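Here is the structure we will look at, set down as structure tokens.
Taken together, the values in this text are just the output of simple stated rules run on the coordinates, not laboratory data. Here the structure is a predicted model, which means the values were calculated and not measured. With ideal geometry, Cβ positions are generated from the backbone for all residues, glycine too; neighbour counts draw on all protein chains shown.
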Amino acid sequence: MVATTNIIGDVVQNVAGDAIRLTVLMGIGVDPHTYIPTPADTAAIHDAHLILANGAGLEENLDKILAGAGGDAVYVQLSDGLRLREETEGEELKASGQAQRHVDPHVWFDVQNVIDWVQRIEQALSALDPSHADRYRTNAEAYVRQLEELDAWIVAQIATLPPANRKMVTNHPAFGYFADRYGLEQVGTVYPISPSSEPSAQDIAALEDAIRAFQVPAVFSESTVNPKLAEQVARDTGVQLVPLFSGSLGGPGSGAETYLAMMRYNVQAIVEALRGP
Ligand SMILES: [Zn+2]
């Protein structure tokens, strides 16, 4: 069995327990957008009975290999069937008329979507391995309870922020589902679409104008993307630079070793940064 991102891998492990042999393609700190599969990854994909990917264009360089995996493998794209966001760019780009429409793949930042993943994963595992179906169901139910608690906790945390402060400037538009679900607004991003395409000088200037106009107190960077540009924007505008986890879990000791921990880590950092004086 193969999972593409380590976030998917963690969710799968929670449902499967030790009943499966799971290969997670992307290591800690790897950016899913720019990830290039190794020959060993390609071999693992070809050997797998079940492949679990995010889809929606997240794994930009894996799409071809995954689509051509063939054989008897069941290929599940966990974003299928979810309501996908189309609009991913910041307000300043929309205002300038440069915005392009495309699908936002970062579905895991809405915890309800991950609850849907768990159900899809449980079904896929049970279909492949009916003898352990009871165990998968029990594991899935226990994990969903933790996800529901997490979801409620995030709602309560964001509720502590004054409504005027619920504005985020992020490194790339990874927090759209988070913003939609929990009542924030992603008002600008350093990378307009994916970290695989560099922003122009005008993009950066427009973003810095937006930070000043919205009086946003922080720029959020990510563990998976070079923070150089985010650092520059924070410096130019005199706001705080706050690191978050987006496309990858954190390593041991990071406080973001699992999906549940990563979400709590991010929310704490966001609330602290946006709380204001
Ligand atoms: Zn991303």
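Can you tell me how much longer the chain between residue 228 and residue 146 gets when fully stretched, taken as 0.36 nm per residue apart minus their C-alpha distance, in nm with one decimal? Don't skip to the answer; put the middle values down first.
Working: separation 82, 0.36 × 82 = 29.52 nm, distance 3.57 nm.
The span from residue 228 to residue 146 would gain 26.0 nm if fully extended.
Counting only residues 5 or more places away or on other chains, whose amide H sits under 5 Å from the amide H of residue 3 once H atoms are built in the peptide plane?
23, 24, 25, 52
With a 10 Å Cβ neighbour count serving as the proxy for reagent exposure, in which order, fewest first, do 166, 137 appear?
Fewest-to-most ranking of 166, 137: 137, 166.
For the Cα atoms of the chain, what angle does the longest principal axis make with the long axis of helix 259-274, in degrees from 0 to 90, nearest 10?
10 degrees
Ordered by residue, what ³J(HN,Hα) values in Hz, to whole numbers, does region 193-206 give under the Karplus form 6.51 cos²θ - 1.76 cosθ + 1.60, where θ = phi - 60° and Gly and Pro are x?
10, 10, x, 7, 10, 6, x, 7, 4, 5, 4, 5, 4, 5
How big is the charge dipole of region 161-274 about its Cα centre, in debye rounded to the nearest 20, if each Lys and Arg gets +1 on its Cβ and each Asp and Glu gets -1 on its Cβ?
Dipole of region 161-274, to the nearest 20 debye: 240 debye.
Which cross-chain or sequence-distant (5 or more) residues have an amide H under 5 Å from the amide H of residue 75, H modelled 1.01 Å from N in plane?
Here 51 satisfy the definition.
Each residue of region 35-51 in order: what ³J(HN,Hα) in whole Hz does its phi give by Karplus 6.51 cos²θ - 1.76 cosθ + 1.60, θ = phi - 60°, with x for Gly and Pro?
Rounded to whole hertz, the list is 4, 10, x, 8, x, 5, 5, 4, 5, 4, 5, 5, 7, 6, 8, 9, 10.
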